[in-house]
Amino acid sequence: MTSQPSHSHVEAPEDAKAHLRASVRKARLHRSVRRNEELALQLRDQVLQLPSIQAASCVSVYASRPHEPGTLPLIEALHERDITVLVPCLGDGLQRGWGVYVSSDDLVERAPGRPPEPSGTFLPSEALAQADVVVVPALAVDQYGTRLGQGGGWYDRALAQARPEAPVVALTFTSEFHVDGTHLPRESHDRPVNAVITPQGITSLPA
């Protein structure tokens, strides 16, 4: 356990984020594959309750990696409802963009450590404007709408292309949703979220 900083030293936001990320990632490793699959089904059921999802024709959803809040059941459920699902893709030179989900067999890891991606046409970052709801990953979220991402700033940049009225919904595990008044470190480029969904429920946030 690390010692608390003295009153004369305030930890920089980027350092505080790095420590939090390491802690959350370590805790996530303790969940079994079976438990993660169960929680993914619970997350799917919660997301599908959202009125904005029920009214949507296009939804953006991240493709989960092992130990992240699972999204494949949600993506498949949306696809079965004839909702277009936009999944993040990396183009040439790590260009940010999107691909349309067509099947679970097509969603594969294109390079080590990268999230699964569809193999179809690469759509530019502006395609996110088609989404009626944007579902984003989170290592943690506080009750003020601050989301702790993976550290690359991918979604903070991507969300600039989302329509202002399209809700941004973060998925996270229950223990990672801070409802005790804790403020997660937030920097000027961090984009707040409108709601957080855990396997146990939905919470609207003052983003």
_Residue among L48, L72 that is within 23 Å of P118 (Cβ to Cβ), surrounded by fewer than 16 Cβ atoms within 10 Å (Cβ to Cβ), free of Cβ contacts under 8 Å to residues at least 40 places away in the same chain and not charged (D, E, K, R)_ = L48
*Take the residues of the range 133-171 that are closer than 19 Å to A12 by Cα and β-branched (V, I, T): which is surrounded by the fewest Cβ atoms within 10 Å (Cβ to Cβ)?*
T146
*In the range 155-190, how many residues are more than 14 Å from V61 (Cβ to Cβ) and touching a Leu at 6+ places or on another chain (Cβ under 6 Å)?*
2
*asked:* Let me spell it out: the conditions are (1) touching a helix residue (DSSP H, G or I) at 6+ places or on another chain (Cβ under 8 Å); (2) of a type in the set (S, T, Y); (3) within 27 Å of I202 (Cα to Cα), and Y144 meets all of them except one. Which number is the exception?
replied: (1)
*asked:* Just the residues that are closer than 25 Å to N36 by Cα, touching a Lys or Arg at 6+ places or on another chain (Cβ under 9 Å) and assigned to a helix (DSSP H, G or I), please, taken from the range 158-176.
replied: E176
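Would you mind finding the one in V87, V10 that is modelled with pLDDT of 95 or more and either closer than 29 Å to Q161 by Cβ or exposed (fewer than 11 other Cβ atoms within 10 Å of the Cβ) (or both)?
Testing whether each residue is modelled with pLDDT of 95 or more and either closer than 29 Å to Q161 by Cβ or exposed (fewer than 11 other Cβ atoms within 10 Å of the Cβ) (or both) leaves just V87.
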*Counting just the residues of the range 183-207 that are in a loop (DSSP other than H, G, I, E, B) and under 13 Å from V133 (Cα atoms), which one comes out nearest to the chain's Cα centre (by Cα)?*
V193
*Name every residue in the range 13-31 that is surrounded by fewer than 12 Cβ atoms within 10 Å (Cβ to Cβ) and either modelled with pLDDT under 55 or farther than 25 Å from S188 by Cβ (or both), in order of residue number.*
K26, L29, H30
*asked:* L39 - would you say it is modelled with pLDDT of 95 or more, part of a helix (DSSP H, G or I), among the hydrophobic types (A, V, I, L, M, F, W, C) and closer than 20 Å to P167 by Cβ?
replied: no
_Residue match in the range 172-182 (condition: under 22 Å from L86 (Cβ atoms) and either crowded, with 19+ Cβ neighbours inside 10 Å or over 16 Å from the mean Cα position of the chain (by Cα) (or both))_ = yes
*Residue among E117, E109, E126 that is of a type in the set (D, E), modelled with pLDDT of 90 or more and within 19 Å of S64 (Cα to Cα)*: E117
*Looking at (1) touching a helix residue (DSSP H, G or I) at 6+ places or on another chain (Cβ under 7 Å); (2) more than 12 Å from A140 (Cα to Cα), can you tell me which one P185 breaks?*
(2)
*Give the residues of the range 6-36 that are in contact (Cβ under 8 Å) with a residue 24 or more places away in the chain, aliphatic (A, V, I, L, M) and part of a loop (DSSP other than H, G, I, E, B), sorted by residue number.*
L29
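The values are calculated or read from the model by the stated rules, or taken from the named source; none is laboratory data. Since this is a predicted model, take the numbers as computed values, not measurements. Cβ coordinates were reconstructed from backbone atoms using ideal geometry, including for glycine residues, and neighbour counts include every protein chain displayed.
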